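The values are calculated or read from the model by the stated rules, or taken from the named source; none is laboratory data. Values in this document were obtained by computation on a predicted structure and should not be read as measured data. Cβ coordinates were reconstructed from backbone atoms using ideal geometry, including for glycine residues, and neighbour counts include every protein chain displayed. Side chains are part of the model used for accessible areas, which takes the heavy atoms of the whole protein and leaves out ligands, DNA and RNA. Shrake-Rupley method; radii C 1.70, N 1.55, O 1.52, S 1.80 Å.
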Amino acid sequence: MKAMTSANFYYECEQAIFQSEEYSCSEVRPYQDTRKERTHRLCTRGGMLEAFIREPSLLTDNDVMELLIYLFHGEAAQKKLGMLIERRRETAGRKSC
């Protein structure tokens, strides 16, 4: 049996929920659009991340996660993240994503 990654687990959970419910055509379309937007966002941001990493194909997912934890754990990074979130909420009329 193949090892389950968190991405595979998430996908399989989504599929199980989607298949277990009865959806009308109007309900299915917004779900698909949201999924397409999320996929686009993940690919775009993954590309941004790889632009800053030397030899990304050499590093494992765990290596990248360790680096991200190190970079985002600091007080300065958390403060900047909080400021960015607040700015986006203000410009979007406090609409959260």
(request) From (1) at pLDDT 95 or above; (2) open to solvent by less than 70 Å² (accessible area, probe 1.4 Å); (3) outside any helix (DSSP H, G or I); (4) not polar (S, T, N, Q), pick out the condition that doesn't hold for ALA77. (result) (3)
(request) Looking only at the range 36-71, count how many residues are charged (D, E, K, R) and loosely packed, with under 10 Cβ neighbours inside 10 Å. (result) 2
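For the range 56-70, name all the residues that are of a type in the set (A, V, I, L, M) and farther than 16 Å from ARG45 by Cα. If you could, list the steps in order and put the result at the bottom.
From the range 56-70, those of a type in the set (A, V, I, L, M) are 58-59, 64-65, 67-69; that's our starting set.
Answer for the range 56-70, where residues must be of a type in the set (A, V, I, L, M) and farther than 16 Å from ARG45 by Cα: LEU58, LEU59, ILE69.
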